[in-house]
Every structure is written in structure tokens, then in C-alpha cells.
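Visitor: Got a structure for you, written out below as C-alpha cells; questions coming shortly.
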């Protein structure tokens, strides 16, 4: 039995990246021998085991044979006769098909080191076309390593797979898993670009695909094209290391602009509500987590009002805070503001602009939260107030606190 470190840990070490999860392949062993040696079996579809001390994953060397559409349509064959080279051949990209022996020797039968040097994402063999998940993986690796290009032959294979309908066999959980990894990468816009280059964007995210070529008002969007703006907003979110729900909100904040009527261009009046409707369909299709969907809905609906909040009075600010559920969920409101700031800066030549709306609204929210609503409620009930009248009394106190904060800001600024 021989063990080899494989995949991402080897690739990342060659790229000077530390901290990657370590995966191992075992050559010349059986499932029975692994269990006897103390390993714990965990694989459902193929033989994977946890090391008794490190709990790292060890998989028996295996080959795969395509039997049906989709990424689950494979028959897996694992036996002591399967070689390391055969196991590496089933992997997606050459940069992920490098193994390292115990003595540090690299086994690289498919040119992964050379592709790392040349910064190329290249498929290992023609078997790449058998698994549609690999389309997703190439796109998100392009987002993680934005200075890598997709090899022309690999892109051609991906285009053939899309034409053949392989994308239709993808299941929602796996799509979201790869999409979310791409959104969390260094340059998420690259994922969209690769999807578009191979024809998968219109099938995976048609709401996003429709944004390409749609004009916007030049006085607000010097970049003009809505898709350019979207890509810039996504990359701004990555630049500030925003969490996943903020990046997903960035992806979905302007979806309604892709369905504007010709006479609405380039103003996009009412695109906010259309965006909310479209993102709900997208979330249902790919089973997007609730926390991502909810934040995206708030940002899609309210980002314009947040941008314009500098001119709002105290009552209007309280209404905005209420629509954002900021009084009940102030931590989430901070994420709303982060997404809006990325939107404001995701514009040509405006990437470093100030965004005073964020600090101002945070201060006004703090003022609104500073009132003792319980005390006001008790006093109101003692006066015979209840229901809507009680709520109005609390709102009145909040408006007063917001107005006082506004006055303080004005005096200090």
C-alpha cells in the first residue's frame, strides 16, 4: 500500500498558498485492509476513509465509467490494480492532477506543473466532458486564480457540453456549492465571464445573462453596460472581503434591468421590484440559503433609497430602517450597507469614492435604538394607549432621536 498527497494541497503548495485541506489517494489497498488498519469508512459513492489520527480523507485509487447523464451518472471501480496515473487521469484539470509521494517526489503525468507556470486551466483528458460539474469548477477556479486563462481546447469542450445539454443534468445543491465558492473567490466576475464564454450563463443564471449589453444612464454609470457594472460590484465585494450573503446580494441587486422595456432605457424605472421577483426565482431554482435570499431581497429593493438617504428627513429615514428590518436586525443592516457601498463603488472611475451614507445611517440607526421602547410602552399603556397608538408613540420617539442625531451631525460637520 502506498499513499500520495493529491489535488488542491499539492497545487496550492506549488503556488505558494498554505492552509489547504489535504486529501490522499491510496494505491494497492482494499476497503477491508483500510478498515483493518483503523481507518473509518465515510464514502457513500466511492471508497473514502478517515485517518484514525489526523481525520484526513484517504480515498482508494479508482477509475470512473460514464453510464448516464449528470455528475452522478458514473460507475466507480476501485481495486489494488488501479494505478496512480489512472486515478489522476479522472481528475478535472491538470493543475489538480499532481500527486506528491512521501519523499516529496512529484508525480505529474499530465503536465500540471507546466500549466501552473504558464497560468493555464487545462482539462486532463477527454473524459472531462462526462461530468457537467467540471464546467462549474473551471469557472470558479478562474475566479480564484484570475490570472489563469482557460485553455482553448478546454473551453471548446465546455461549449460542446453546454450544447449537448449536460448542464440540464446538474442538481441544485451542487450548482449552489460551486457558485458560492466562485462568489467567495478573489475575482467573482471571472466566473460569470467563463460561464458566458462557454454558453452556460444563459442556462444557469439567465437573469444575469440578460444584463449583458443593457445600457444605463451615463451620469450615474460611466461604464454604461449593466453587466460591466455588475462585474465591478462583485469584485468590489471581493476586495473588501465581504461575506457570501453580501456577494450574492451584489450578484442579484440589478436583475430587473435585464427585463426593462425599450422605452424605459436607459433609466430602468421600477427595476427594483422586478429584481426582487427575479431573484426569488433564481433562489428557488438553486436552493439558495435563506440568509442569502433575504439580504439580497432587501438590497435589491432598497439600494436606491440607501444611496439617496443623505437627503431624507427623520421620518423617511425611520421608514427606510423599518423596510430594511434594521431595528430588529441591526447586524444584517450593516451587511445591507456594505452591499450598497459596493454597488456605489462598482462604477468606472468611482471605485475609490466616499460613501458617507453608510456611517450616517448607522449613526441614525443607533439613535433610533437608543430610546427605551419598554419604558415608553409602559407610560403609553398607563395613559390608555394600545395597539397602533402605542406603536405611533414609540415611532415618534424614534423620529425625535433621529432628528436630534441629524442636528448633531449638521452642527459638527
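The values are calculated or read from the model by the stated rules, or taken from the named source; none is laboratory data. Here the structure is a predicted model, which means the values were calculated and not measured. With ideal geometry, Cβ positions are generated from the backbone for all residues, glycine too; neighbour counts draw on all protein chains shown.
Visitor: Restricting to the stretch 126-154, name every residue that is part of a loop (DSSP other than H, G, I, E, B) and touching a helix residue (DSSP H, G or I) at 6+ places or on another chain (Cβ under 7 Å).
Guide: Residues satisfying the conditions are 132, 146, 148.
Visitor: What's the total number of residues in the stretch 290-322 that are closer than 28 Å to residue 177 by Cβ and exposed (fewer than 14 other Cβ atoms within 10 Å of the Cβ)?
Guide: Within the stretch 290-322, residues that are closer than 28 Å to residue 177 by Cβ and exposed (fewer than 14 other Cβ atoms within 10 Å of the Cβ) number 1.
Visitor: Confirm whether residue 135 is out of contact with any strand residue (DSSP E or B) (no Cβ under 6 Å at 6 or more places or on another chain) and either under 22 Å from residue 201 (Cα atoms) or touching a residue at least 24 places away in the same chain (Cβ under 8 Å) (or both).
Guide: Judged against the criteria, residue 135 is a match.
Visitor: Return yes when residue 406 is surrounded by fewer than 18 Cβ atoms within 10 Å (Cβ to Cβ), part of a helix (DSSP H, G or I) and over 32 Å from the mean Cα position of the chain (by Cα) and no when it is not.
Guide: no
Visitor: Where residues in the stretch 2-27 are at negative phi and in a loop (DSSP other than H, G, I, E, B), which of them is modelled with the lowest pLDDT?
Guide: Among them, the one singled out is 20.
Visitor: Tell me which residues, restricted to the stretch 36-51, are in a loop (DSSP other than H, G, I, E, B) and either out of contact with any helix residue (DSSP H, G or I) (no Cβ under 7 Å at 6 or more places or on another chain) or over 20 Å from residue 21 (Cα atoms) (or both). Full working, then the answer.
Guide: Just the residues of the stretch 36-51 that are in a loop (DSSP other than H, G, I, E, B), to begin with: 37-39, 42-47, 51.
If the condition is that a residue be in a loop (DSSP other than H, G, I, E, B) and either out of contact with any helix residue (DSSP H, G or I) (no Cβ under 7 Å at 6 or more places or on another chain) or over 20 Å from residue 21 (Cα atoms) (or both), then 37, 38, 39, 42, 43, 44, 45, 46, 51 are the ones that fit.
Visitor: Among the helices (runs of 4 or more DSSP H) contained in the stretch 231-308, which hold 1 or more residues that are within 19 Å of residue 355 (Cα to Cα)?
Guide: 244-252, 290-307
Visitor: Can you pull out the residues in the stretch 73-118 that are closer than 19 Å to residue 157 by Cβ, in contact (Cβ under 8 Å) with a residue 24 or more places away in the chain and part of a loop (DSSP other than H, G, I, E, B)?
Guide: Scanning the stretch 73-118 gives 73, 90, 91, 92, 97.
Visitor: Exactly one of these conditions fails for residue 325: (1) modelled with pLDDT of 95 or more; (2) crowded, with 19+ Cβ neighbours inside 10 Å; (3) on the phi > 0 side of the Ramachandran plot. Give me its number.
Guide: (2)
Visitor: If you go through the stretch 163-204, how many residues are in a helix (DSSP H, G or I) and in contact (Cβ under 8 Å) with a residue 24 or more places away in the chain?
Guide: Adding up the residues that qualify gives 27.
Visitor: Separate question: Among the listed residues 167, 175, 208, 171, which satisfies the condition of being at pLDDT below 95, buried (at least 16 other Cβ atoms within 10 Å of the Cβ) and within 19 Å of residue 282 (Cα to Cα)? Before you say what the answer is, go through the steps one by one.
Guide: Numbers: 175 fails: at pLDDT below 95; 208 fails: at pLDDT below 95; 171 fails: buried (at least 16 other Cβ atoms within 10 Å of the Cβ).
Unique residue meeting the criteria: 167.
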